[in-house]
Amino acid sequence: MKNILLEELSPFCPIQAFVEEYDDCVYFYLWDYPGEEYARIRSCWVRNYKKAPESLDLEAMESGKGPMLPRALCAHPEGAERLDPDHLSIVWFEECDAAALLYKEEILSVIPGWAGPSDDGRSFYPSYARDCIGESDLCFPLGTSETNALYERVESAKQFWQSWDANPWTHLQQQYLDAITRELGPIDNYYAIDGGHWPPKVEQYTETPEQLRRFELAFACETEWLAKNEKQMLQYISGQTSLPWSYLTFFARGHTIPCREIGQIHERFTSVLLAQPANAPAISFPDMGEDPVNLLWMIPITDEERQFAENHGSEALIQRSAGKDLLVFNGECKF
C-alpha cells in the first residue's frame with residue numbers, strides 16, 4: 001500500500017513534486033514532464049519506518065516500489081516515526097528544476113537539478129537525504145550546513161520566494177531599463193515579456209552556474225526591416241524567454257535555437273545564434289542576486305550555418321564572418 005503525503009507543481013517548470021509513503025518507508029520524487037512520453041522521475045529515499053534490512057531489496061525495486069535503505073547506511077536502523085503530512089513542505093530552488101523536502105522546517109532531503117542520469121546516460125548523480133549516512137544508489141548523505149552547500153541553496157531559495165511576496169520587480173525593472181537607455185538612448189516601446197526567472201539545469205554543465213543562469217535576450221535589425229516584421233519577431237523573442245523552463249535547459253553564448261518566424265520571412269534562415277558580437281553595445285546590467293547578467297544577441301543563421309556550428313563550434317562559425325557586422329540584421333547572411 002502507498003499513500004501520497006504531499007504533491008506540488010514547480011512554479012515554472014513542467015515538474016511535479018510528490019512525497020510517497022509505503023508501509024515501511026518514504027520517498028521524495030520529482031516527476032519531469034509528467035504524463036509525457038519522455039517523462040522521467042528523480043527520486044530520493046527519505047526514511048525507513050521499520051527495521052532496516054541488511055541489503056537492498058532488489059525485488060521491491062523491480063516491482064516499482066521504493067525499497068528501504070539498508071541498515072549500514074541508515075541513521076535510524078530500527079525505524080523512525082511516521083511523518084505527519086501537515087508538517088511537510090517543499091522549497092523549490094530558484095531555477096525551479098530542483099527542490100528540497102522539509103519537515104517542521106528542517107531539511108529531510110534534496111533533489112538538485114543535476115540529480116538522476118546524465119543526458120548521455122553514462123553517469124548517475126545522486127539526491128541527498130538527511131537520515132542517510134552512507135552512499136548508495138538511493139541517495140547520498142546530506143551532511144551538515146558546514147559540509148554541504150545545498151543547505152545554503154535552500155535558505156537562499158526560501159528568501160528568494162519570500163522576497164517576491166512584496167513584488168520587487170518594479171524596482172528591478174527600472175534598473176534594467178536605466179542600463180539600456182544609458183547605452184542605447186530612450187526607449188520607444190516596452191513589451192512586457194519578462195518574467196524575472198533564470199534557466200534550469202545549468203548546474204549539470206558547469207561548476208560556476210552563477211556565471212550563466214541570468215540572461216537577457218537582444219536583437220538588432222534595420223529600422224525598415226523591423227517596420228515590416230515587428231509583430232512576428234517580437235512574438236518570437238517573447239516565446240523564447242520561456243523556453244529554458246519549458247524544456248529544462250539553459251541559454252549561453254554559442255547556443256543555437258530554432259527560429260521558424262524569421263524563416264517565414266526569409267526562407268534561408270532557420271535558427272538564431274546566441275552570441276556577444278565584438279561591436280555590440282556594452283550594456284552594464286546590475287547584478288541579480290550577486291549573479292552577473294549575460295546579454296545574448298540573437299543572430300539569424302541558415303541551416304547550413306547551424307550545422308557548421310554544431311560540427312565545428314560556434315566560435316569557428318563566427319570566424320567565417322570575415323569582419324562583417326554581425327549585430328544588425330538586414331535579411332542577409334553574416335557567415
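Just to be sure I understand, how many residues within the stretch 69-87 are farther than 23 Å from E7 by Cα and either of a type in the set (G, A, S) or not in a loop (DSSP other than H, G, I, E, B) (or both)?
6
Just to check your reading of the model, which residue among D84, D32, D23, D57 is open to solvent by 50 Å² or more (accessible area, probe 1.4 Å) and under 30 Å from S163 (Cβ atoms)?
None of the others qualify; the one that does is D84.
Q173 - would you say it is open to solvent by 70 Å² or more (accessible area, probe 1.4 Å), at pLDDT 75 or above and of a type outside the set (D, E, K, R)?
no
If you scan the stretch 151-170, which residues turn out to be of a type in the set (D, E, K, R) and either in contact (Cβ under 8 Å) with a residue 12 or more places away in the chain or surrounded by fewer than 14 Cβ atoms within 10 Å (Cβ to Cβ) (or both)?
E152, R153, K158, D165
Which is under 18 Å from Q16 (Cα atoms) and either among the aromatic types (F, W, Y) or out of contact with any Phe, Trp or Tyr (no Cβ under 6 Å at 6 or more places or on another chain) (or both), of P85, P53?
Just a single option satisfies the conditions, and that option is P85.
List, please: which pairs have Cβ atoms under 9 Å, are six or more places apart or on different chains, and start with a residue in the stretch 48-68 that is in a helix (DSSP H, G or I) and end with one that is among the aliphatic types (A, V, I, L, M) and surrounded by 10 or more Cβ atoms within 10 Å (Cβ to Cβ)?
A60/M68
Give the stretch 70-87 a look and list any residue that's in contact (Cβ under 8 Å) with a residue 12 or more places away in the chain and more than 23 Å from A52 (Cα to Cα), or say none.
Passing the criteria: only H87.
Can you report the number of residues in the stretch 313-329 which are touching a residue at least 40 places away in the same chain (Cβ under 8 Å) and surrounded by fewer than 12 Cβ atoms within 10 Å (Cβ to Cβ)?
Going through the stretch 313-329 one residue at a time, the tally reaches 1.
Kindly establish whether P209 is surrounded by 18 or more Cβ atoms within 10 Å (Cβ to Cβ), farther than 26 Å from R320 by Cβ and in contact (Cβ under 8 Å) with a residue 12 or more places away in the chain.
No, not satisfied.
Tally time: how many residues in the stretch 113-138 are open to solvent by less than 20 Å² (accessible area, probe 1.4 Å) and either modelled with pLDDT of 95 or more or among the basic types (K, R) (or both)?
5
The values are calculated or read from the model by the stated rules, or taken from the named source; none is laboratory data. In this text, all values refer to a predicted model and were calculated from it rather than measured experimentally. Note that each Cβ is placed from the backbone with ideal geometry, even for glycine, and that neighbours are counted across all protein chains shown. Remember, those area values only see protein heavy atoms, side chains included, never the ligands or the DNA or RNA. Shrake-Rupley method; radii C 1.70, N 1.55, O 1.52, S 1.80 Å.
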